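Working notes, beginning with the structure itself.
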Amino acid sequence: MGSTTAGAIAVAAEALSTVATRMSAPPSFDVADFPVPHGREEEWRFTPLERLRGLHDGTAIATGTGVKVVVEAPEGVTVETVGRDDARLGSAGIPVDRVAAQAYSAFEQAGVVTVPKETVLTEPIRIAVHGEGGVAYGHQVVELGAFAEAVVVIDHTGDAVLASNVDFVVGDGARLTVVSLQDWDEKAVHVSQHNALIGRDATFKSVVVTFGGDLVRLHPRVRYAGPGGEAQLFGLYFTDAGQHQEHRLLVDHNVPHCSSNVVYKGALQGEDAHAVWIGDVLIEARAEGTDTYEMNRNLVLTDGARVDSVPNLEIETGEIVGAGHASATGRFDDEQLFYLMARGIPEMDARRLVVRGFFAELVQQIGVPDIEERLLAKIEEELEAAVA
């Protein structure tokens, strides 16, 4: 293991000891350290536990037909399948709830993708995760060496009950963009903790897109291994009738002079569509010079949908550049609709234009043309379903 990664892990461990005091249970790789949740706990109160299909209580047993993972990487990138004893596993973060710990305890092999230092990729790395109808536990590591640049697309499709941990280790001065697509079939269940450890003067951009699945619960987490790090966390979700989509974020500003910007947007339609967004930002006492902002906006398209949006900001030092958060949930802007309809645009077409405009800034953050086109088509498909 290189000196940069080893130093990053040391900083991560120190940061975790601080964050642990703010949780109901300390982070741990051992599932036995977490009690079985009952739904009354703060971190589980929005999640319908009965729909987790046993991921939370140990009754979901992995099968050989869980998921198939295929990695396509440009020349120069190292792609490995490793055993549980590989030192790089868990290097960016420790499980913070029982499902994440269960995933870490139950996987048999993990994937490791390594981009060497100073390597600048012109084509994305693509990791396809396709569900084949069973239960699976997984672990994936993406590591960028110093001053490397890469885009990684993680594409989830098919049907599965999947719990996983994904580690992103971004070396000093490196730039990593990750696009995580949740385009599951309607019965799939997906619970995952994403851990990003950002090196000195490095940039990490995450774009999370969630459409499919019966229940999706994602837990992106960010920490810094040196000053000057930048995190950009974007999210787009479209929640249909009966779906539960939950995004729980934590940005831990644990070193000085780092920045973060969080923007998540969602649209909901149909009876019992339920979206949950929890945005936690912690600025520790030693993190002077922090600049952070988080925002969540939700557009409710029909009756019967529910949104829970909870931004949280904890500041332990007054020596910061800026910090703020915002949350808004509402229906269509009547003035926008009136403006478009007054110019001869039919009401349903006007509604489509408003929704496309609502999501446009986030789709543009992806930077992978075929993925952007696919998402725009998916948004159109969702809107057509609403009309039908």
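Just so it is clear, none of the values below were taken in a lab; they were calculated from the coordinates. Please read all numbers here as calculations on a predicted model, not as lab measurements. All Cβ positions, glycine included, derive from the backbone under ideal geometry; neighbour counts span all protein chains shown.
Across segment 137-146, rounded Karplus estimates of 3J(HN,Hα) from the backbone phi angles (6.51 cos²θ - 1.76 cosθ + 1.60, θ = phi - 60°) give 10, x, 8, 10, 10, 10, 10, 10, x, 4 Hz, Gly and Pro being marked x. Here segment 307-372 and segment 154-231 have alpha carbon centers that stand 21 Å from each other. On full extension, the segment bounded by GLU271 and THR63 gains 71.6 nm, given 0.36 nm per residue less the C-alpha separation. Cross-link pairs exceeding 21 Å between alpha carbons, from the set LYS187/LYS265; LYS68/LYS117; LYS68/LYS378; LYS187/LYS378: LYS187/LYS265; LYS68/LYS117; LYS68/LYS378.
If the chain linking ASP185 and ALA360 were pulled fully straight, counting 0.36 nm for each residue of separation and taking away their Cα-Cα distance, it would gain 60.6 nm.
Amide H contacts of SER309 (H built 1.01 Å from N, in plane; Pro and chain starts excluded): TRP277 sit under 5 Å, all sequence-distant by 5 or more or on other chains. What fraction of the DSSP beta bridges in the chain is antiparallel, stated in percent and rounded to the nearest 5? Expressed as a percentage, antiparallel bridges in the chain total about 10. Working from label points 7 Å from Cα in the Cα-to-Cβ sense, the TYR293 to TYR339 distance is 2.0 nm. Among residues other than ARG217 whose Cβ falls under 9 Å from its Cβ, what is the net charge (Lys/Arg +1, Asp/Glu -1)? The answer is 0. Overall dimensions of the chain, expressed as equivalent-ellipsoid semi-axes from the Cα gyration tensor (√(5λ), whole Å, largest first), are 31, 24, 22. Modelled label positions at THR302 and GLU43, each set 7 Å beyond Cα in the direction of Cβ, lie 3.4 nm from each other.
As a calculated quantity, the FRET efficiency between ARG286 and LEU313 at R0 = 22 Å, using C-beta atoms, amounts to about 0.80. Here, segment 85-188 yields an orientationally averaged convex hull projection of 6.9 nm² when only Cα atoms define the hull. Converting phi to 3J(HN,Hα) with the Karplus coefficients 6.51, -1.76 and 1.60 and the offset θ = phi - 60°, segment 190-195 yields 9, 10, 8, 9, 9, 10 Hz in sequence order, with x at every glycine or proline. Pair-distance distribution P(r) for segment 255-388, from all Cα-Cα distances in 5 Å bins starting at 0: 2, 9, 16, 16, 17, 14, 11, 7, 6, 3, 1, 0 percent.
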